[in-house]
Amino acid sequence: MRKVLAFDLGGTKFAFGVVNEDGSVLGSGRVETHAEKGPAQACDRVAAEAHKLLDELKLKPADFVAIGVASPGPLDISRGCVDGSPNLPGWTGYSITEALSKSFGGLPARIDNDCNAAALGEFRFGAGKGKKNVVYITVSTGIGGGAVIDGRLMRGSNGNAAELGHIPLTMDGPRCGCGNLGCWEVYASGTAIARRAREALAAGRTSSLTVLAGGAEHVTTHHILQAVAQGDALSKEIWEQSINYLGRGLGAVINTFNPDVIVVGGGVTAAGDTLFVPMRQSANSYAFPRLSAVCTIVPAGLGGNVGVVGAAACAFEHVG
Ligand SMILES: [Zn+2]
């Protein structure tokens, strides 16, 4: 079976894996990125660790058809570079694909936005398998998205399509990391949900959250869900608002892409049915009925492997 070498670059960790054409992971590992020390040292160390894995698996670069890299955007995918990513300062202009290709016998290498790669991974190997139109959304510290439409990953003009977390929900909302006001992710990401609870506590609302979290400043979505289960009024209110915000954005996604399935991943999905059941209802209420009728909203299928398997899906697509 054909194999690729896949890399999942993040601000804190740089993961890698050997992935078969059926999406199975033969082996994997990770190094610390130490992003502030620049790209060359990170690429060198991840390549050295990946070579160790290849030795363990008794494989050599010639046993692979390609290299795939998933990275936070924005990217210059034609040059294989990060292009102004806030979590990777000083990396702009360094060709990650060129460096990794050189380390592995000149294998063809391509880079894609991590959420776009995840979308292709879920489409090919995960919860979107067998469907033609798959949108992937991750709800964690931010909200990211990727779309596979008519069986093809939508990359857009320069590889940065489907920045869905920055759909503007309101004109005057909180300021987003992107500089604009009222983006979807400043209301509905895991970070935003916890922030809204902390703001309510700071404004004098009482809640069991303060005790559960060991102080208002430590409140996370995990505590909010615990408090919801215990009947805490403020947490219920925050959670219902969050479902509404999530549904609004998903309604926009349904109306924009007319997908067969929206695959939702990220830390917040640990809530399971407490999230998915009302979120589906909310999303449908904001979408055209003809579009929502054909769209299911399901949890991600690739779990913690999504980065590496997504990068692998992009590499397989690259070599055809
Ligand atoms: Zn934004």
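Name every residue in segment 1-50 that is buried (at least 18 other Cβ atoms within 10 Å of the Cβ) and among the small types (Gly, Ala, Ser), in order of residue number.
Ala6, Ala15, Gly17, Gly23, Ser28, Ala35, Ala42, Ala47, Ala50
Can you tell me how many residues within segment 284-297 are surrounded by 18 or more Cβ atoms within 10 Å (Cβ to Cβ) and either touching a residue at least 40 places away in the same chain (Cβ under 8 Å) or within 20 Å of Lys132 (Cβ to Cβ) (or both)?
Adding up the residues that qualify gives 4.
Would you please list the contacts, defined by Cβ atoms under 7 Å and residues six or more apart or on different chains, that run from a residue in segment 301-320 that is assigned to a loop (DSSP other than H, G, I, E, B) to a residue that is aromatic (Phe, Trp, Tyr)?
Leu302/Phe125
Does at least one position in segment 119-137 carry a residue that is out of contact with any helix residue (DSSP H, G or I) (no Cβ under 6 Å at 6 or more places or on another chain), charged (D, E, K, R) and surrounded by 20 or more Cβ atoms within 10 Å (Cβ to Cβ)?
The answer is yes; a qualifying residue exists.
What helices (runs of 4 or more DSSP H) lie completely within segment 181-227 and have 1 or more residues being at pLDDT 95 or above, within 16 Å of the ligand (Cβ to nearest atom) and not hydroxyl-bearing (Ser, Thr, Tyr)?
Per the criteria, 184-188, 190-202.
In segment 134-170, what residues are more than 13 Å from the ligand (Cβ to nearest atom) and outside any loop (DSSP other than H, G, I, E, B)?
Once the filter is applied, which keeps residues that are more than 13 Å from the ligand (Cβ to nearest atom) and outside any loop (DSSP other than H, G, I, E, B), segment 134-170 yields Val134, Val135, Tyr136, Ile137, Thr138, Val139, Gly146, Ala147, Val148, Ile149, Arg152, Leu153.
Does Gly173 meet the test of being within 16 Å of the ligand (Cβ to nearest atom) and in a loop (DSSP other than H, G, I, E, B)?
Taking the combined requirement at face value, the residue satisfies it.
For segment 246-259, indicate whether the set of residues that are of a type outside the set (Lys, Arg), touching a strand residue (DSSP E or B) at 6+ places or on another chain (Cβ under 8 Å), in contact (Cβ under 8 Å) with a residue 12 or more places away in the chain and surrounded by fewer than 19 Cβ atoms within 10 Å (Cβ to Cβ) is non-empty.
Checked segment 246-259: no residue is of a type outside the set (Lys, Arg), touching a strand residue (DSSP E or B) at 6+ places or on another chain (Cβ under 8 Å), in contact (Cβ under 8 Å) with a residue 12 or more places away in the chain and surrounded by fewer than 19 Cβ atoms within 10 Å (Cβ to Cβ).
What are the pairs, 6+ residues apart or on separate chains, where a residue within segment 154-173 that is more than 21 Å from Asn116 (Cβ to Cβ) has its Cβ under 9 Å from a residue that is away from the ligand (no atom under 13 Å from the Cβ) and outside any loop (DSSP other than H, G, I, E, B)?
Leu169/Tyr245; Leu169/Arg248; Leu169/Ala252
The values are calculated or read from the model by the stated rules, or taken from the named source; none is laboratory data. Only a predicted model underlies this, so the values are computations on that prediction, with no experimental measurement involved. Backbone-built Cβ (ideal geometry, glycine too); neighbour counts: all protein chains shown.
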